[in-house]
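A quick write-up on the structure given underneath.
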Amino acid sequence: MLDRRARITSAALRAAYAWSVRHREPRAFDEVARMTGVLMFELGPGQGPVAPLDLVRCLRRPLGALLPPILDGGDDGRYGDGVDEVVLLDDSDALADIAYEVGSDYVREVISGLDPGRDWLPSWSWMRANDLENELFARLIGTADEAAYRTARQFLVECPAGPEQLLVEECNRRQARRVAQYVPVTDGQSYRCGERRWWWPCRVCGWPMDVRGQMVRCRYPYHTATYQVTDRDKGAPGLIAVDRRLPAGVGRGLPERHDADGAVQLEEPVWRFIVVPGATELRLARLLTEAGATVQLYPDCDRYDLGIVVGDRRWDVDVKEHATVEGLLRHIRENPPSARHIVLPDTHAGQVHAVREALPTYTILTEGQLVSQIKGALRRRKRSAS
């Protein structure tokens, strides 16, 4: 049932993206028609849209109207609420921000054999997170040793965007293997002022933030800081903060403005599946190291994310960052963690209770709870040593 829901969600996502770009992409109408056929097959006779425009109308309503319920005599019905309320097209038929998150958790193959959509649809709308991770990790593991793996992965997380020449120089300085592709910063992630374009990195993940009119914020909805463009500095644009909410340990200063000419960014799937969770992993590693713990990143070429030691106590940690509990549980089912501790970012604290119920053999913590545990162990060790 979960895979069927994922295929239906994937078809809806592809159709929504196609409809949102129909004015500039002649292949969009064919894609909507194709996805209508996929949904008719998945839902059965009389259970879903029977024409492309019927599907478009459905995409302006919560996805729960299309999805079959999870509860089918089992115990996991309470985990599907996250995607059921998602609306993929807004009032102006633009793709909703949440679509990227839906893609990261739910994308599945919906066309067997040659898929004409892959020639033009963005890869996040058809490439599974696991496929991209496996492909990228194969290149990373090809570095042959743990230190090289760690260097290459840290480079991606710490350098997700910037002037192309500076990124090349930094990659060479670190002696990091090149394992992912960078592309020019897009118009939708830059602000035009006169003849020039400017971009601002997210304070959390460093990837170029989306620019919609005068409003600037990260495409990842849990990086909630929001800014407004204000023209200043001799005509060059600046930012003022509208919402400064950021995770603990992230500086509250305004993002620095960068020239978009010659600037590049990691492709979107690499950003979402590697950089976003990696930002949490590196933030935790830094906070715990500063507190006095011994922290190892990506032990044994990423058998798990963090190995933490305080005296004779050890924590093996996998950081998980998914839009919904349903998506998280599906990912864990397909890739059972080697770590005993699963840590969710503080922004995902609402998922902890359901995940604990579903995964009773693991210790489920938020990042704040993990930091508190480690600091408590450090205090006790200090007292016992005095």
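Figures for the structure shown
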quantity: Unmet criterion (only one of (1) modelled with pLDDT under 95; (2) farther than 23 Å from V102 by Cα; (3) open to solvent by 10 Å² or more (accessible area, probe 1.4 Å)) for P237; calculated: (3)
quantity: Tally of residues being surrounded by 20 or more Cβ atoms within 10 Å (Cβ to Cβ) and under 27 Å from V242 (Cβ atoms) across the range 146-159; calculated: 1
quantity: One residue from G113, G48 being exposed (fewer than 13 other Cβ atoms within 10 Å of the Cβ), at pLDDT below 90 and over 29 Å from V211 (Cα atoms); calculated: G113
quantity: Test: residue in the range 212-222 that is in contact (Cβ under 8 Å) with a residue 40 or more places away in the chain and among the aromatic types (F, W, Y); calculated: yes
quantity: Strands (runs of 3 or more DSSP E) fully within the range 160-231 counting 1 or more residues that are open to solvent by 80 Å² or more (accessible area, probe 1.4 Å) and of a type outside the set (A, V, I, L, M); calculated: 182-184, 191-193, 196-199, 210-212, 226-231
quantity: Within the range 257-284, tally of residues that are farther than 18 Å from V216 by Cβ and among the basic types (K, R); calculated: 2
quantity: Of the criteria (1) open to solvent by 60 Å² or more (accessible area, probe 1.4 Å); (2) within 14 Å of V87 (Cα to Cα); (3) under 24 Å from the mean Cα position of the chain (by Cα), which one A65 fails; calculated: (3)
quantity: Helices (runs of 4 or more DSSP H) contained in the range 274-374 and holding at least 3 residues more than 30 Å from A161 (Cα to Cα), modelled with pLDDT under 95 and open to solvent by 50 Å² or more (accessible area, probe 1.4 Å); calculated: 352-358
quantity: Scope the range 243-257; condition open to solvent by 30 Å² or more (accessible area, probe 1.4 Å) and either part of a loop (DSSP other than H, G, I, E, B) or modelled with pLDDT of 95 or more (or both); matching residues; calculated: R244, R245, A248, G249, G251, R252, G253, L254, E256, R257
quantity: Residue check for R219: touching a helix residue (DSSP H, G or I) at 6+ places or on another chain (Cβ under 7 Å) and not hydrophobic (A, V, I, L, M, F, W, C); calculated: yes
quantity: Among (1) among the polar types (S, T, N, Q); (2) under 30 Å from P26 (Cα atoms); (3) surrounded by fewer than 17 Cβ atoms within 10 Å (Cβ to Cβ); (4) at pLDDT below 80 - the single one N130 does not satisfy; calculated: (2)
quantity: Test: A33 is among the hydrophobic types (A, V, I, L, M, F, W, C), surrounded by fewer than 22 Cβ atoms within 10 Å (Cβ to Cβ) and modelled with pLDDT of 95 or more; calculated: yes
quantity: Every residue from the range 91-110 that is under 21 Å from the mean Cα position of the chain (by Cα), outside any helix (DSSP H, G or I) and surrounded by fewer than 19 Cβ atoms within 10 Å (Cβ to Cβ); calculated: A94, A96, D97, R108, E109
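The values are calculated or read from the model by the stated rules, or taken from the named source; none is laboratory data. Here the structure is a predicted model, which is why all the values come from computation and not from measurement. For neighbour counting, all protein chains shown are included, and Cβ atoms are generated from backbone atoms with ideal geometry for every residue, glycine included. The area values use the complete protein model at the heavy-atom level, side chains included, leaving out ligands, DNA and RNA. Shrake-Rupley method; radii C 1.70, N 1.55, O 1.52, S 1.80 Å.
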